[in-house]
Amino acid sequence: MATLAEGNGGPDAAAEEAEAPGQGGVQSVDRAISVMEILSREGRAGVSEIADELGIHKSTASRLLAALVHRGLVQQDHDRGKYQLGFGILRLAASIPGRLNLVQEGGPILRDLATTFRETANLAVLRSGYAVNVDQALGPATLASQDWIGSLTPLHATASGKVLLAGLPTEERQKVLKKTRLPRFTSQTITSRTALETQLLEVARTGLAFTDEEYEIGLCAVAVPVRDHLGHVIASLSVSGPGFRFSPRDRPELLETLQQAGLDLSWRMGYSAP
């Protein structure tokens with residue numbers, strides 16, 4: 001039978017345990033979480049592998065694993081001596097609502113974006129071949145208080161829609177496009193399937209989608225994906241404004257902040273970035 005501990009404590013281990021008062025507990029929790037993240041990523045790992053990745057002594061890694069095993073959060077493969085996540089994880093996960101409240105989690109993020117960039121921020125999901133706006137925050141510079149919440153907007157002509165399309169498997173995307181077609185809304189609307197697919201490949205690669213007066217004259221926008229715990233695109237975050245003052249392609253600080261906001265909301269929905 002494989003044992004919980006590998007290696008013995010020594011001067012290095014003792015020095016490692018000599019933490020500043022009040023910091024030891026927090027550090028142990030952080031390390032325990034890191035252990036579970038490693039096991040989630042790798043499937044299985046041994047004490048030495050975990051110790052090496054965390055930069056800790058093997059005896060410390062063994063104690064962390066022992067505590068997690070005791071709680072049922074980690075279990076040991078007795079045939080190979082490696083560890084994997086235990087069924088206690090499922091017990092904790094069962095307490096999470098079947099569907100995390102996307103709007104509740106995204107609200108503060110939308111308001112921060114709207115305040116920071118003084119434009120309209122929207123959260124949209126895919127429904128019945130449309131991008132449906134489920135929440136919105138208006139910036140102080142917004143000219144009109146148009147309420148986009150509940151609005152059905154075309155996938156091919158909006159930044160949010162392009163993000164949602166790019167996140168679909170190819171076969172499913174083809175079905176959606178065949179059903180909705182590519183109607184023209186302005187002279188800038190993409191109506192070519194080939195041109196749209198080329199743009200969607202770029203959206204999938206960069207995580208950014210743009211529209212320049214493709215749905216409404218004078219309206220420009222940029223959007224990023226929101227992912228769930230499996231990495232699937234479940235929503236989009238966007239910032240939009242009038243073209244005469246809002247040119248997102250020329251604002252790297254906006255793009256960086258928006259992408260981080262998308263990652264933050266994805267993390268709240270259970271996503272763990274690679």
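Consider only pairs whose beta carbons are under 8 Å apart and that are at least six residues apart or on different chains; among these, list those whose first residue lies in segment 170-181 and is loosely packed, with under 11 Cβ neighbours inside 10 Å and whose second residue is part of a loop (DSSP other than H, G, I, E, B). Matching pairs, first to second residue: 179/129. In segment 142-183, the residue that is nearest to residue 244 (Cα to Cα) out of those that are at pLDDT below 95 and of a type in the set (Lys, Arg) is 181. Take residue 190 and tell me if it is surrounded by 14 or more Cβ atoms within 10 Å (Cβ to Cβ), part of a loop (DSSP other than H, G, I, E, B) and among the β-branched types (Val, Ile, Thr). When the stated conditions are applied, residue 190 passes them. Across segment 31-75, the number of residues qualifying as under 28 Å from residue 231 (Cβ atoms) and of a type in the set (S, T, N, Q) comes to 3. Pairing residues of segment 251-274 that are in contact (Cβ under 8 Å) with a residue 40 or more places away in the chain and closer than 21 Å to residue 116 by Cα with residues that are of a type in the set (Ser, Thr, Tyr) and surrounded by fewer than 19 Cβ atoms within 10 Å (Cβ to Cβ), at Cβ distances under 7 Å and at least 6 apart in sequence or on separate chains, gives 257/116. In segment 101-111, the count of residues that are at pLDDT 80 or above, in contact with an Asp or Glu (Cβ under 7 Å, 6 or more places away or on another chain) and among the polar types (S, T, N, Q) is zero. Inside segment 30-79, residues that are assigned to a loop (DSSP other than H, G, I, E, B) and crowded, with 17+ Cβ neighbours inside 10 Å make up a count of 4.
The values are calculated or read from the model by the stated rules, or taken from the named source; none is laboratory data. What you are looking at is a predicted structure, and each value in this text was computed from that prediction instead of being measured. Reconstructed Cβ throughout: ideal geometry from the backbone, glycine too, with neighbour counts over all protein chains shown.
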